[in-house]
1. Would you tally the residues in the range 13-71 being of a type in the set (S, T, Y) and either touching a Phe, Trp or Tyr at 6+ places or on another chain (Cβ under 8 Å) or open to solvent by 20 Å² or more (accessible area, probe 1.4 Å) (or both)?
2. Going by the conditions given, is I205 of a type in the set (A, V, I, L, M, F, W, C), part of a helix (DSSP H, G or I) and touching a residue at least 24 places away in the same chain (Cβ under 8 Å)?
3. Quick one: which of A172, A183 is open to solvent by less than 50 Å² (accessible area, probe 1.4 Å) and part of a loop (DSSP other than H, G, I, E, B)?
4. Give the range 210-242 a look and list any residue that's farther than 18 Å from S280 by Cβ and not in a loop (DSSP other than H, G, I, E, B), or say none.
5. Is there a residue being touching a strand residue (DSSP E or B) at 6+ places or on another chain (Cβ under 8 Å), open to solvent by 20 Å² or more (accessible area, probe 1.4 Å) and touching a residue at least 24 places away in the same chain (Cβ under 8 Å) anywhere in the range 220-232?
6. What single numbered condition from (1) farther than 18 Å from C169 by Cα; (2) in a helix (DSSP H, G or I); (3) among the β-branched types (V, I, T) fails to hold for I4?
7. Give me the residue from the range 297-321 that is assigned to a helix (DSSP H, G or I) and among the aromatic types (F, W, Y) and, out of that set, most open to solvent (accessible area, probe 1.4 Å).
Amino acid sequence: MDSINLHLLSQEEVTKLNLIISESQKIIITCHKSPDGDAIGSVLACAEWLRQRGKDPIVVVPDMFPDFLRWLPGVEKIRRYDKHKEELDKAFAEADTIFCLDFNDTSRVNHMQPALDGAKGKKVLIDHHLEPTVEAEVCISHPEMAATCELLFRIIWQMGDFEAVSKHCAVALYCGLMTDTGAFTYNSTRSEIYYIIGQLLSKGINKDKIYRNVYNVYSDWCIRMRGYVMYQKLNVFHDSHATFFSITREDMTRFHFRKGDAEGLVNEPLRIKGVRLSISLREDTEVPGLVWVSMRSVDHYYCDELARKYYNGGGHANAAGGRLYGGLQEAERITREVIKEFAAIYP
């Protein structure tokens, strides 16, 4: 295994990060709005790691996260900003260090942004999205990494702490890696990832159970909704090698939608032979006119630039997203233009 190099940090970064952790008395760990598996996995793993180092961090997320992540060890300690704003505003103001995980810009924390921007404590950014803008004392940004959990594992490993980390920490790291790669079906061809998996397995985690806990927990209504969307709502453009579908508020009401029920659905059309791009449009359940966009593509058919250009978003080369205001009909019109441009770029 001599060819496997897990180190990311310079010696200066290692020294600075060690000093920040050792001097910090009040630490907050946070992530982006609508946290996914990588966001929740990384904040929980980071908290376990820092507890191992004698700290007592507060884990804060901006808002609700999916039910399929509620089994993760330590999840009961997570504080939701939208439920405890006054208390957590005070915590941000008093924190001497804030770990910012899995987001590149403070706008990604939505209504929590004023508290985060106004915090005087040092910030440590650990993220794998492009072009970070967070003003951080330590900025660990590697878009080439599969997940923030991969970055966090490498940091823990390089700082000599992995031998002592708990099984709970390993479970959270594996969950984040698994979910951000679609159970290792994309963005996961590097040999280092599988070496990392091997090390996590050495902690006694049950990777098959983790998979079932995340992917095999749908309600019967969720399964019916997913089938309905694929049957009734999927638009396929064979000449453009692209698809899109829309989920309305009415659809969500009809099928008793819960947060997370549409998770991964955007990947399904990529199973159609020849399809290179899949786009999901979903109306927000609370804000009129707001439409959430998810994009997935394959191989060298990239979608991130289109997300930035058309959807006020961005992301990774093959997994991106954004949002639009103006309603579903306008979003569908724009999406048809996106598909035309995609076909022109990749004929």
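The values are calculated or read from the model by the stated rules, or taken from the named source; none is laboratory data. None of these values were measured; they are calculated from a predicted model. Using ideal geometry, Cβ is built from the backbone for each residue, glycine included, and neighbour counts are taken over all protein chains shown. The accessibility values were calculated without ligands, DNA or RNA, using every heavy atom of the protein model including side chains. Shrake-Rupley method; radii C 1.70, N 1.55, O 1.52, S 1.80 Å.
1. 4
2. So I205 does not fit the description; no.
3. Values: A172 fails: part of a loop (DSSP other than H, G, I, E, B).
Answer to the selection: A183.
4. Those that are farther than 18 Å from S280 by Cβ and not in a loop (DSSP other than H, G, I, E, B): I210, Y211, R212, N213, V214, D220, W221, H238, D239.
5. Yes, the range 220-232 contains at least one residue that is touching a strand residue (DSSP E or B) at 6+ places or on another chain (Cβ under 8 Å), open to solvent by 20 Å² or more (accessible area, probe 1.4 Å) and touching a residue at least 24 places away in the same chain (Cβ under 8 Å).
6. (2) is the only condition that I4 fails.
7. It comes out as Y310.
Here is a yes/no grid of residues against (1) within 19 Å of the chain's Cα centre (by Cα); (2) in a loop (DSSP other than H, G, I, E, B); (3) without any contact (Cβ under 8 Å) to a residue 40 or more places away in the chain:
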| site | (1), (2), (3) |
| --- | --- |
| L8 | no, yes, no |
| E12 | no, no, yes |
| K33 | yes, yes, no |
| A47 | yes, no, yes |
| D56 | no, yes, yes |
| W71 | yes, yes, no |
| L88 | no, no, yes |
